[in-house]
Amino acid sequence: MGSAISELPSQRTPLADAAETGLKIVIVGGFGVGKTTLVRSVSEIRPLNTEEVMTQAGVGVDETSGVAAKTTTTVAFDFGRISLNDRMVLYLFGAPGQKRFWFLWDRLFSGTLGAVVLVDTRRMDDSWYAIDRLEHHKTPFVVAVNRFDNDPSRHSLDEIRQALALPEHVPLIDCDARVRSSGKDVLITLVNHLYEQAKAREMTP
Amino acid sequence: MIRRPVDTGDPDRLYTVTGGRSRADDAFDLVTLVVSECEPTAGMQSEHTRILDLCRHPTAVVEIAAELKLPITVVRILLGDLLAMGNITARHPRAARSIASLPDSALLQEVLHGLRHL
């Protein structure tokens with residue numbers, strides 16, 4: 001390892017040869033809320049971008065028009081990765097919260113460990129929809145408020161919890177997506193939450 | 001933030017790459033890790049060659065898609081070909097595909113441990 005022989009044109013950092021388990025965490029939020037920033041701050045690789053295209057035969061795609069029988073849905077998303085150990089690698093996906101994205105959820109993100117809803121207090125409406133969809137897909141999640149500026153009208157977490165009608169059991173935290181340690185804390189909060197849930201499930205026969 | 005659109009080329013190109021197929025092999029999750037089992041051979045489709053080059057070390061499906069600048073579905077089709085020919089092996093995620101199979105606490109503890117030591 002560590003040799004600088006460029007066997008590939010791009011500067012890829014390969015995974016350990018023993019890597020066998022890929023895991024997913026999805027970061028959902030509106031445009032410009034800082035999803036890519038959060039991915040970048042914790043990722044071991046420069047965030048990459050990819051997309052999925054799906055042609056579907058009008059399965060409730062757009063209720064407002066009976067026009068197209070076939071619709072092409074394209075969703076672009078960023079991702080980064082964290083090698084947790086030699087065998088396990090965690091992929092972080094920054095996903096747009098808009099409507100067409102959710103049609104691809106099962107196809108892209110089934111089996112995901114959980115999700116982070118990244119909130120910008122100036123645009124809370126974006127978060128409503130994401131929370132509703134995650135509940136629908138039964139994906140466990142935490143909510144992180146990105147405090148990237150010194151917002152003078154800073155809302156307290158209690159106010160935000162009320163505004164989002166967020167149940168008590170869903171963790172809600174502040175973060176600064178630009179700061180690695182803060183991004184790390186967000187992920188730890190999520191996985192801790194998942195761990196507690198798993199423990200509780202395993203206790204009940 | 002300036003988002004550069006992924007260059008998927010024109011639809012004709014995608015059609016050519018997949019030989020006209022649009023149904024993907026659903027066995028490949030975004031984070032399935034793919035490993036080459038052979039060297040590319042002369043005359044192989046260029047995308048197959050690139051995948052075999054990339055996957056000398058384990059590489060996730062989503063990373064292959066990003067490197068090849070192709071949509072996930074197209075990459076799944078190409079991987080299905082390579083798997084059928086025995087040119088790659090796939091390490092599938094443990095908890096994938098089923099909504100009901102939530103991860104157990106032992107797995108999550110390992111994840112926590114890894115994150116805390118970043």
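Residues that are more than 18 Å from A:ALA115 (Cα to Cα), surrounded by 11 or more Cβ atoms within 10 Å (Cβ to Cβ) and free of Cβ contacts under 8 Å to residues at least 40 places away in the same chain within the stretch A:155-205 comprise A:HIS155, A:LEU157, A:GLU159, A:GLN162, A:ALA163, A:SER181, A:LYS199, A:ARG201, A:GLU202, listed in sequence order.
If you scan the stretch A:120-138, which residues turn out to be outside any helix (DSSP H, G or I) and in contact with a helix residue (DSSP H, G or I) (Cβ under 8 Å, 6 or more places away or on another chain)? Before the answer, list the steps.
Looking only at the stretch A:120-138, we keep the residues that are outside any helix (DSSP H, G or I), and these are A:120, A:124, A:137-138.
Those that are outside any helix (DSSP H, G or I) and in contact with a helix residue (DSSP H, G or I) (Cβ under 8 Å, 6 or more places away or on another chain): A:ASP120, A:MET124, A:HIS137.
Determine, yes or no, whether B:ARG97 is within 8 Å of another protein chain (Cβ to nearest Cβ), assigned to a loop (DSSP other than H, G, I, E, B), at pLDDT 95 or above and out of contact with any helix residue (DSSP H, G or I) (no Cβ under 8 Å at 6 or more places or on another chain). Taking the combined requirement at face value, the residue does not satisfy it.
Note on the stretch B:43-70: among residues that are part of a helix (DSSP H, G or I) and of a type in the set (Ser, Thr, Tyr), the one that is nearest to B:THR18 (Cα to Cα) is B:SER46. Just one of (1) in a strand (DSSP E or B); (2) in contact (Cβ under 8 Å) with a residue 40 or more places away in the chain; (3) touching a Leu at 6+ places or on another chain (Cβ under 6 Å) fails for A:VAL117. It is (3).
The values are calculated or read from the model by the stated rules, or taken from the named source; none is laboratory data. The structure displayed is predicted, hence computed values, not measured ones. Neighbour counts run over all protein chains shown; Cβ positions are idealised from the backbone, glycine included.
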